[in-house]
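Reviewing the structure listed below.
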Amino acid sequence: MSALDLSLRAQAAAIAAGEVDAAELLDAALARIEARNSTINAVVDTFPEHSRAMLDAAPDGPLHGVPVVIKDEWPLPWRAQRFGAAEMMAPTAPAESGPYRALRDAGAVIVGVANMHELGSSSTGNTSVYGPARNPWDTGRCPGGSSSGPAAAAAARLVAGSVGADGIGSIRFPAAYCGLTGLKPTFGRSPMAGHHMDGVSTTIVSGPLTADAADCRLLGSVLFGEELSSGDARGLRIGVIRDAVSEDVAPEVRGACEAAIEALAAQTGGKVVEVELPNLDAAALATVLIANSESLGEATSERLNELDTEIGPINRGFLKYRMLLPAAASVKAYRIRTLMRRRLAGLFEQVDVLAWPTVPAVAPPLEAPVVELPSGTLTADQANVRGAGLANLTGAPAISIPVGLDAEQLPIALQLQGAWGGDELLLDAAEALERANARRWVDSLPPLAQTQPTEA
């Protein structure tokens, strides 16, 4: 087995102990990207000279010498971000982004830039100027968006960890589709410097995508700049809601998630509590309105009419449609945010976490990203935002955890949401769930990640 097949924390420990040579691990990562990436298009740029320079200068931090990839949403000192698009509304330039600095200071080595859905505008990942990333479990399926490349790269074990961003579920959707653990941090805890929406967006956060919760804790600690301490989630009170987010769900997804919730309660000696959270549909709409209105700073009629024709027609139309959003709708969206924050604060006096499926169906086909639910046929974007938007709207943390595979061997995921600052508890709960199912799902590998005899 290659050292690349070790967990993120095991790679770091092996390098620190002198059991693995960091330069050889970097070369192996570059070779694996060369060997596997053509199938999934997860990594859109590598820069061996810059990666080796990072390794040469790497301090003895918690990720010393460990290769990672970073989403095309973050600038690097030698490369501007492209957002998976031919052109962006705002100018971009190479820079030291916050995630870059956090990784550099931890001794990590950025081995590549990962693909993303064009302009971060979908939960599917099926559109990008580089061509879509593909799901390692089934390359005809969506990897999830918008952090499509970071998820596909980690799932295919090109690297053991990647950095994405989550504005409306954009870490959790690809984590769910690709069978990973993905943490959407509490708003403000993870670095945003260098992002073109830094200081403007109230929904976007950077965050980690890894195979399991312990690696997510390690990479999250690096991004947060503080240790995310470990606990045991004993006596966990798990809130469940009887709403579309938990009931308008594909049967296999609903069954796996309900079983996982019961297993988590048993593992922690906790209990499942049925609670009410009205107006989740309005909260999802408010999240979309706020995210779109906050992105209008660079938009003018002239600028919109000059957009590069390589930008997909849906996004060109969508960018122009944003200009028609009435100010009154945004005002109402912020009122809904206040209402939902108050309701969540009340709920978190009764329960420790809220649980429902991360997405209501497994990864849809790239060519036709629609899902079949009890209510009928919906686009994946319509269906997915219902359960993901609340965490971005309110700023609360959320985590997606793999809890099963369907009959077609596609991942199923459960989302846990916690109170503000409760990122550590979500990781504790995720680790408890891993113990409850004997790590069956976090250790499951897609076909592409099976070690090949000719690979490093």
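General remarks:
- Working note: Karplus 6.51/-1.76/1.60 with θ = phi - 60° gives the range 363-379 the couplings 4, x, x, 4, 6, 8, x, 10, 10, 9, 10, x, 7, x, 8, 10, 5 Hz, where Gly and Pro are set to x.
- Dipole axis of the range 252-299 (+1 Lys, Arg; -1 Asp, Glu on Cβ), positive-most option in Gly270, Ser295, Ala284: Gly270
- Residue-normalised accessible area of the range 296-338, expressed per residue, 1.4 Å probe, Å²: 68
- Solvent-accessible area of the chain (1.4 angstrom probe, protein heavy atoms only): carbon and sulfur portion equals 51 percent.
- Prolate/oblate/rounded label for the chain (Cα gyration tensor, a/c 1.5): rounded
- Look at the dipole of the chain built from charges on Cβ: of Pro150, Gln417, Gly231, the Cα furthest out on the positive end belongs to Gln417.
- For the range 188-200, backbone phi angles converted through the Karplus equation (6.51, -1.76, 1.60; θ = phi - 60°) give residue-by-residue couplings of x, 7, 9, x, 10, 3, x, 6, 5, 9, 4, x, 10 Hz, Gly and Pro being listed as x.
- Expressed as a fraction of 2.2 N^0.38 Å, the value expected for a compact globular protein of N residues, the C-alpha radius of gyration of the range 116-159 is 0.99.
- Close amide-amide hydrogen proximity is noted between Leu76 and Gln81, Ala95, each under 5 Å apart and 5 or more residues distant or on a separate chain (H modeled in the peptide plane; Pro and chain starts excluded).
- A simple spin-label model places pseudo-atoms 7 Å from Cα toward Cβ; at Gln450 and Ala93 they are separated by 5.0 nm.
- For Val20, residues with placed amide H under 5 Å, excluding near neighbours: Ile15
- Scanning the chain for long hydrophobic helices, with DSSP H runs required to stretch 27 angstrom or more by C-alpha along their axis and to average at least -0.5 on the Kyte-Doolittle scale, returns 327-347.
- Dipole axis of the range 328-456 (+1 Lys, Arg; -1 Asp, Glu on Cβ), positive-most option in Gln350, Val362, Val331: Val331
- DSSP beta bridges confined to the chain are antiparallel in about 70 percent of cases.
- Under 26 Å from the Cα of Lys332 - lysines, other chains or at least 8 residues apart: Lys184, Lys320
- In order along the range 124-133, the phi-based Karplus estimate (6.51 cos²θ - 1.76 cosθ + 1.60, θ = phi - 60°) of 3J(HN,Hα) comes to 9, x, 8, 9, 6, 4, 8, x, x, 6 Hz; Gly and Pro are listed as x.
- Rolling a 1.4 Å probe over the heavy atoms of the protein chains gives the range 148-263 an accessible area of 26 Å² per residue.
- Sum of -39500 (n - 2.57) over DSSP H runs of 4+, divided by residues of the chain (222 nm, nearest 500): -11500 deg cm²/dmol
- Per residue, the convex hull around the alpha carbon atoms of the range 49-161 comes to 95 Å³.
- For the chain, a simple Cβ point-charge model (Lys and Arg +1, Asp and Glu -1, everything else neutral) yields a dipole of about 980 debye relative to the Cα centre.
- Multiplying the residue separation of Asp21 and Arg342 by 0.36 nm and removing their Cα-Cα distance gives an extension gain of 110.4 nm.
- Length-normalised contact order of the chain in % [C-alpha pairs under 8 Å, at least 6 apart]: 18
The values are calculated or read from the model by the stated rules, or taken from the named source; none is laboratory data. The shown structure was predicted, so the numbers you read here are calculated from the model rather than taken from an experiment. In this analysis, Cβ positions are derived from the backbone assuming ideal geometry, glycine residues included, and neighbour counts consider all displayed protein chains. Each accessible area value is taken on the protein alone, full model and side chains, heavy atoms only, with ligands, DNA and RNA left out. Shrake-Rupley method; radii C 1.70, N 1.55, O 1.52, S 1.80 Å.
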